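Worksheet for the structure shown next.
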Amino acid sequence: MLYFLFEFLHPNHKQILVMRYFLIFVIFALVSISAQAQLNNDPDRIETENGDLLVHPILHGSVIFEWNELNVYVDPWGDGSLYERMGTPDLILITHPHGDHLSPKTLSSLQTENTIFIVPQAVADEMPDEYKKQTIILENGDTLEQQGITIEATAMYNLPNNGARHTKDWGNGYVLTMGGKDIYVSGDTEDIPEMRNLEDIDIAFVCMNLPYTMDIYQAASAVLEFEPGIMYPYHHRGQDIERFKEIVDWEGKNIDVRLKNWYPDQ
């Protein structure tokens, strides 16, 4: 219909209309570029019952938690230079064996002589032998305490599960409790019931990248269900995280969506 109306317009009117549409397009593009440019991966400081928790976004699905003189690495991946200014890892949690989560090359760049690794069996099976004496296997539903941190392994998998890239009980998400704060790290998962049923999560890191996990709409639906206090979209290469934030904010559930630059060199 708009096309036919356009055809009947005077040429000058057509030019004006084209210019208006062009300007609208440019404005939206500039807003989007500006929003991307403002993202950073500076650490966030979050108060706990026992000192501040520093959240360091690193790359893709890699994050470091600094708390109570401890450094907890989750899925360290990428060039060793990303970790040069970070503290030596006391704990390393790995969610599953895919190369952007279990990276022997990245691990070899870290000082891990006194590090404890928390991993599912599938990761333990593929870890270099040099780390195996330092490794604790944790399966879905298991809980342990290490150095004042409670660590629970949660489910992470694709739907439907048969023949999926990430199958049930193969990898772990994690809920870590530090200083009274419950922190959920999803690993590579879709919008599964186990995530929707989480309760009292203070800080969440939820993946959203197709075709490997889920889209922003599935992720937003799940996040709105379990309502974390602070929500970080991560592992989101190629996805519109600004749109994700708009969807979650629209519902007015007091979820603080924090957008970080998880791809600093891109």
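Rule-based calculations on the coordinates, nothing more; no lab input. Predicted model, so just to flag it, every value in this text is computed and none were measured. Positions of Cβ are backbone-derived with ideal geometry, glycine not excepted, and every protein chain shown enters the neighbour counts.
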Classified through the alpha carbon gyration tensor (a ≥ b ≥ c as square roots of its eigenvalues; rounded if a/c is under 1.5, else prolate when a/b is larger than b/c, else oblate), the range 147-245 comes out oblate
Can you pull the one-decimal nm distance between simple spin-label points at residue 54 and residue 200, each 7 Å off the Cα toward Cβ? 2.9
Stretched fully, the stretch from residue 129 through residue 250 gains (0.36 nm per residue minus C-alpha distance, one decimal, in nm) 38.7 nm
Simple spin-label model, 7 Å along Cα-to-Cβ: residue 105 to residue 84 in nm? 1.8
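When only DSSP loop residues count, what GluC sites (Glu not before Pro) in the range 43-124 have their Cβ near at most 15 other Cβ atoms within 10 Å?
Filter output for the range 43-124: 69, 84, 113.
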Helical segments meeting 27 Å axial Cα length and Kyte-Doolittle -0.5 threshold in the chain (DSSP H): 11-38
Holding the Cα-Cα limit at 25 Å, pick out from 132/181; 168/260; 105/245; 105/132 the pairs that are longer than that. 132/181; 168/260; 105/245
Residue by residue through the range 139-146, what is 3J(HN,Hα) from phi via Karplus (6.51 cos²θ - 1.76 cosθ + 1.60, θ = phi - 60°)? Round to whole Hz and write x for glycine and proline. 9, 3, x, 7, 9, 8, 10, 9
For the range 39-257, what is the Kirkwood estimate of the hydrodynamic radius, computed as the reciprocal of the mean inverse distance between distinct Cα atoms, to one decimal in Å? 17.3
Along Cα→Cβ, 7 Å out, is where each label goes; now give me the distance between the ones at residue 210 and residue 41 in nm to one decimal. 2.5
Which of the peptides 115-121, 158-164 is most tightly packed, and how do the rest follow, judged by the mean count of other Cβ atoms within 10 Å per residue? 115-121, 158-164
Return the aspartates and glutamates within reach of residue 133: Cα separation strictly under 20 angstrom, same-chain partners fewer than 8 residues apart disregarded; answer none if there are no such residues. 75, 90, 113, 125, 142, 145
Computed lengthening from residue 169 to residue 137, 0.36 nm per intervening residue step minus Cα-Cα distance: 10.3 nm
In debye to the nearest 20, the charge dipole size for the range 114-266, taken about the Cα centre with +1 at each Lys and Arg Cβ and -1 at each Asp and Glu Cβ, equals 280
Any chance you could run the full-extension gain for residue 258 through residue 243? It's 0.36 nm times the residue separation minus the Cα-Cα distance, nm to one decimal. 4.1 nm
